[in-house]
1. Failed condition for Val41, given (1) of a type in the set (A, V, I, L, M); (2) within 22 Å of Arg83 (Cβ to Cβ); (3) part of a helix (DSSP H, G or I); (4) modelled with pLDDT under 90, with all others met?
2. Restricting attention to segment 62-87, and to residues there that are small (Gly, Ala, Ser) and free of Cβ contacts under 8 Å to residues at least 60 places away in the same chain, which single residue is surrounded by the most Cβ atoms within 10 Å (Cβ to Cβ)?
3. Determine which single condition Ala58 fails, assuming it passes every other condition in (1) in contact with a Leu (Cβ under 8 Å, 6 or more places away or on another chain); (2) free of Cβ contacts under 8 Å to residues at least 40 places away in the same chain.
4. Limited to segment 49-61, what total is found for residues that are surrounded by 13 or more Cβ atoms within 10 Å (Cβ to Cβ) and out of contact with any Lys or Arg (no Cβ under 8 Å at 6 or more places or on another chain)?
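The values are calculated or read from the model by the stated rules, or taken from the named source; none is laboratory data. What you see is a predicted model; the values in this text were computed from it and never measured. Here Cβ is always computed from backbone atoms with ideal geometry, including for glycine, and neighbour counts include all displayed protein chains.
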Amino acid sequence: MRAERSERPLLLLLVGLRRCPKMGADVPRAVSPALLTGLGVCVREVDFVGWYRQGRVAAAVLTQGLDLPDADAPSRIVERVTRILCERLPHGVAERLRVRVVRLVP
């Protein structure tokens, strides 16, 4: 809806964990602050971070200008965010990290 209202494209950055038979897909409560803080480090001041699905998928809305970002932008974002979060999260969580970018075009 935001992309439609602003008539500008957005990138939605989604960060969660791959399902594990013993632990499920929920982000452990002890890890949530590090995940959200780390995600905040990865974005600009004009972007915003929060839960897409409470306790399961963190998200950032990456606002864009009038032009669409280049085709390689999502893969560069995924690579950078994954690297930064893996440095900040416990190894057992970092190895289950799942980062993806979805383009939202009005």
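1. It fails just one condition, (4).
2. Ser75
3. So Ala58 meets the others, but not (2).
4. Of the residues in that region, 9 qualify.
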